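Here's the structure we're looking at; comments come further down.
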Amino acid sequence: MINKNWAFCVCDFETTGISNESFPIEVGCIWTDYKFNVLNTYESLVKWTALADNSLAKNCWINEELSAFKIHNISYEHYKFFSLPVKDVVNKIKMINSNILEKYKRIILISDNAKFESFHMQKMYDSVTEKWDFHYCTWDTNLLLEGCGVGDPKPAHRAFADAALLHTNIVRSLERIGYYSSIKE
């Protein structure tokens, strides 16, 4: 049984690659209660000074991040024009977390790749020296989805769309295992 005092943040990132040196360039988050009812949502492109402020960055985007670009299709021009500074993105996430933590004891990140998403969320927080306000443990959904026959959905490779798809599949999985009928109000 999931604790009624917990909230969750279904999270997804698009990045410049899969190495520790890559940057999270888009974040999508859906905060839920213990029944996975949506409490809040947020999505943004994330501006990193190293990627947005010089012509060298554009060349890197084209050369080094080409394989990532082929997946997420976020053009450099779109990224540069629509992204918000990483500090603003983290501050918005912290503001939403703060509001949710007024009612819930903890917020647990949930993802279909827990290590990847928590690493990139932590990277954003660390880059602006903000205190981590999520629970220390990130939950990975792969066993739940596969065990319930839902499987890993074909992602859209845009952060919010993938988070929304994952949220839908979590709810479907919980329905299949009778989670909602076991909740006592």
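The values are calculated or read from the model by the stated rules, or taken from the named source; none is laboratory data. Given the structure is predicted, the values throughout are model-derived calculations rather than measurements. All Cβ positions, even for glycine, are placed from backbone atoms using ideal geometry, and neighbour counts span all protein chains on display.
Of all residues in segment 79-100, those satisfying the criterion of being more than 16 Å from C29 (Cβ to Cβ) and either of a type in the set (A, V, I, L, M, F, W, C) or assigned to a helix (DSSP H, G or I) (or both) are Y79, K80, F81, F82, K87.
Looking for something buried (at least 17 other Cβ atoms within 10 Å of the Cβ) and over 14 Å from the mean Cα position of the chain (by Cα) - is there at least one such residue anywhere in segment 108-125? Checking segment 108-125: not a single residue is buried (at least 17 other Cβ atoms within 10 Å of the Cβ) and over 14 Å from the mean Cα position of the chain (by Cα). Quick check on L143: is it farther than 17 Å from T49 by Cβ, surrounded by fewer than 20 Cβ atoms within 10 Å (Cβ to Cβ) and of a type in the set (A, V, I, L, M, F, W, C)? In short, yes. Among the residues of segment 135-185, the ones that are of a type outside the set (G, A, S), under 24 Å from K70 (Cβ atoms) and in a loop (DSSP other than H, G, I, E, B) come to 6 in all. Reported count of residues in segment 131-169, each being within 17 Å of the chain's Cα centre (by Cα) and under 30 Å from K87 (Cβ atoms), is 23.
Looking across segment 23-76, the residues that are part of a loop (DSSP other than H, G, I, E, B), at pLDDT 90 or above and either in contact with a helix residue (DSSP H, G or I) (Cβ under 6 Å, 6 or more places away or on another chain) or polar (S, T, N, Q) (or both) come down to F36, N37. A count restricted to segment 66-85 and to residues that are among the polar types (S, T, N, Q), surrounded by 15 or more Cβ atoms within 10 Å (Cβ to Cβ) and closer than 11 Å to G17 by Cα stands at 0.
Of the conditions (1) touching a His at 6+ places or on another chain (Cβ under 9 Å); (2) crowded, with 19+ Cβ neighbours inside 10 Å, A163 clears all except one; give me its number. Result: A163 fails condition (1) only.
Among residues belonging to segment 101-134 that are in a helix (DSSP H, G or I) and among the hydroxyl-bearing types (S, T, Y), point out the one that is nearest to I170 (Cα to Cα).
Step one: filter segment 101-134 for residues in a helix (DSSP H, G or I), giving 101, 114-127.
Next, from what is left, pick out any that are among the hydroxyl-bearing types (S, T, Y): 118, 125, 127.
Working: S118: 18, Y125: 26, S127: 31 Å.
The extreme case among them is S118.
Residues in segment 29-46 that are closer than 19 Å to I71 by Cβ and crowded, with 24+ Cβ neighbours inside 10 Å: V46 alone.
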